[in-house]
Amino acid sequence: MTKYLISFPSAAMQVSPEDLPAVGDAARAVIEEAKAAGVYVFAGGIHEGVAPVRVSADGAVSAEIYPGSHLDGGFAVLELPSRDAAIAWSRKMAAACQCDQELREFMYDPAS
């Protein structure tokens, strides 16, 4: 089975503060469905209140991240039998989060 990343940037979610709790509940329901189906690997959102750092091979830590690098929003990693299945789960997440989702496929790694 292949692992897929389903994600969206924070700016994509245009939900009113009043609707946000219901959207959160709907997204968590999709994640619970993925767990029940046995396809769940990981899900979460980037904590935007904590600044990223860059750690070098020599162990040095810098607040200067890669140029052009910006990561925020929500993510789910699911292990699925096909791209069609990944698209189906992406549709569920898009409906729950009320915003388009991006779908990416992880390269096969026999050790993962």
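For every residue, the table says whether it meets (1) among the β-branched types (Val, Ile, Thr); (2) in contact with a strand residue (DSSP E or B) (Cβ under 9 Å, 6 or more places away or on another chain).
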{"residue": "Ser7", "(1), (2)": "no, yes"}
{"residue": "Val15", "(1), (2)": "yes, no"}
{"residue": "Leu20", "(1), (2)": "no, no"}
{"residue": "Val23", "(1), (2)": "yes, no"}
{"residue": "Ala27", "(1), (2)": "no, yes"}
{"residue": "Gly49", "(1), (2)": "no, no"}
If you go through the stretch 58-75 one residue at a time, do you hit one that is among the polar types (S, T, N, Q), outside any helix (DSSP H, G or I), modelled with pLDDT of 95 or more and closer than 30 Å to Pro17 by Cα? no
Which condition breaks for Asp109 when tested against (1) over 12 Å from Ala27 (Cα atoms); (2) more than 12 Å from the chain's Cα centre (by Cα); (3) open to solvent by less than 50 Å² (accessible area, probe 1.4 Å)? (3)
Sort through Gly73, Gly59 and tell me the only one that's at positive phi and exposed (fewer than 14 other Cβ atoms within 10 Å of the Cβ). Gly59
Right, Ala85: open to solvent by less than 60 Å² (accessible area, probe 1.4 Å) and touching a Cys at 6+ places or on another chain (Cβ under 6 Å) or not? no
Report yes if Ala11 is touching a Cys at 6+ places or on another chain (Cβ under 6 Å) and either farther than 24 Å from Asp109 by Cα or assigned to a loop (DSSP other than H, G, I, E, B) (or both), otherwise no. no
Counted residues in the stretch 13-39 being under 19 Å from Ala85 (Cα atoms), open to solvent by 80 Å² or more (accessible area, probe 1.4 Å) and among the aliphatic types (A, V, I, L, M) come to 1
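The values are calculated or read from the model by the stated rules, or taken from the named source; none is laboratory data. Just so you know, these numbers come straight off a predicted model, no measurement behind them. Because the Cβ atoms are built from the backbone with ideal geometry, glycine has one as well, and the counts that use them run over all protein chains shown. Calculation scope for accessible area: heavy atoms of the full protein, side chains included, ligands and nucleic acids excluded. Shrake-Rupley method; radii C 1.70, N 1.55, O 1.52, S 1.80 Å.
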